[in-house]
Amino acid sequence: MDAGRLKDGSLQEDAPGPGAPCVRRIRPEGSPPDAPSKGNLLRQTPSGDGDGDGDGDGDGDGRVAGVIRGGFRRETAAPPEGHRPSTGIRPWPATEAEAVAEQLRLRSLTDTAGPGPAPGEVRTVAGVDVAYDEASGRLAAAAVVLDAETLQVVEEATATGRAEFPYVPGLLAFRELPSVLAALSRLSEPPGLVACDGYGIAHPRRLGLAAHLGVVTGLPAFGVAKTPFGFAFDAPGQGRGAVSPLFDGGETVGRALRTQDGVKPVFVSVGHRIGLDHAVAHTLRLASRHRLPETTRRADSLCRRALAALLAADARN
């Protein structure tokens with residue numbers, strides 16, 4: 001890729017060739033290439049299964065950063081495709097019964113008391129999402145880090161592979177989380193907060209993707225879902241910021257939130273190390289122009305592009 005001028009007038013440095021680590025830095029015009037200013041650095045890691053060759057086949061010897069815990073990352077060897085991943089706590093479940101048992105174990109570890117970080121108290125917010133190709137079993141996960149004030153992309157990373165766990169309602173985290181963790185681990189530093197496209201404790205066993213991710217990584221996390229997952233709610237008012245409780249029986253598990261005047265609500269639930277008031281406040285801040293948070297929109301776009309590139313590479317091989 002030739003160096004070019006971006007929409008904001010900054011310069012994009014040349015990208016390396018296929019198979020090389022891909023780092024793209026966004027720098028203001030006139031600044032020296034080796035001294036990017038803080039807040040203008042966009043690092044992109046190659047899509048792949050951890051082998052470093054970018055083809056997603058998982059057959060290399062590369063190492064990728066492993067599970068993020070408490071703000072620290074540790075290096076783990078990238079497993080060959082088909083091996084069961086690990087959460088960093090105990091072996092990854094292979095059966096529905098094992099997965100349910102693991103959810104029941106982990107749900108007691110969630111910290112939902114709050115209040116957790118409020119808007120203005122974190123520098124970065126990450127969005128994560130996964131795209132699938134059901135025909136081949138291929139998937140691509142994306143982690144996109146935004147500046148919490150400007151909502152501009154600071155860093156993004158992808159991880160690709162195969163869906164090793166079957167689709168089972170209520171157990172989606174076991175299908176998506178290994179690749180999501182791999183994408184998060186490729187960031188230069190952990191984000192201050194993670195907004196998941198999905199649920200936190202608004203889940204039959206109170207351990208949706210956001211809660212599971214938060215417990216495993218130690219990061220504050222919450223979920224913003226497009227549908228109520230069968231939970232009961234009254235429609236909130238039509239104005240931006242209107243809310244109503246999301247109920248599972250007599251228990252409040254989240255809130256329906258109108259992010260724009262007159263649009264369908266989204267459904268916010270806490271995951272780990274944040275309370276519901278702050279999760280709703282962050283969602284409104286992240287959804288300043290659209291129904292869905294910018295974290296979700298950016299991560300969705302990136303994982304779809306990564307999957308398309310992976311499938312194209314597969315077709316060539």
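Values for this structure:
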read-out	value
Within region 96-183, chymotrypsin sites (Phe, Trp or Tyr not before Pro) in DSSP loop having at most 13 other beta-carbon neighbours inside 10 Å	167
Ranked packing of 123-129, 103-109, 187-193, most packed first, by mean Cβ within 10 Å	123-129, 187-193, 103-109
Gyration tensor (alpha-carbon) shape descriptor, region 101-145, a/c threshold 1.5	oblate
Global geometry of region 199-261, whether rounded, prolate or oblate, following the gyration tensor of its Cα atoms and the 1.5 cut on a/c	oblate
Region 108-204, dipole about Cα centre (Lys/Arg Cβ +1, Asp/Glu Cβ -1), debye to the nearest 20	260
Spin-label model distance (nm) - residue 277 vs residue 315, 7 Å beyond Cα toward Cβ	5.2
Share of Cα-Cα pairs in region 154-194 lying beyond 14 Å, as whole percent	52
Modelled FRET efficiency - R0 25 Å, residue 135 with residue 98, Cβ distances, 0.05 increments	0.40
Förster radius 51 Å - calculated FRET efficiency between residue 108 and residue 149 (Cβ-Cβ, nearest 0.05)	0.90
Region 182-216 versus region 104-176: alpha-carbon centroid distance in Å	5
Student exercise, region 90-157 dipole from Lys, Arg, Asp, Glu Cβ charges, in Debye to nearest 20	280
Contour excess over end-to-end distance, with Cα ends at residue 301 and residue 234 and 0.36 nm allotted per residue	21.0 nm
Cα-based shape type of region 181-288, given that a ≥ b ≥ c are square roots of the gyration tensor eigenvalues and the cut on a/c is 1.5	oblate
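Taken together, the values in this text are just the output of simple stated rules run on the coordinates, not laboratory data. Predicted model, so just to flag it, every value in this text is computed and none were measured. We place every Cβ from the backbone using ideal geometry, glycine too, and count neighbours over all the protein chains shown.
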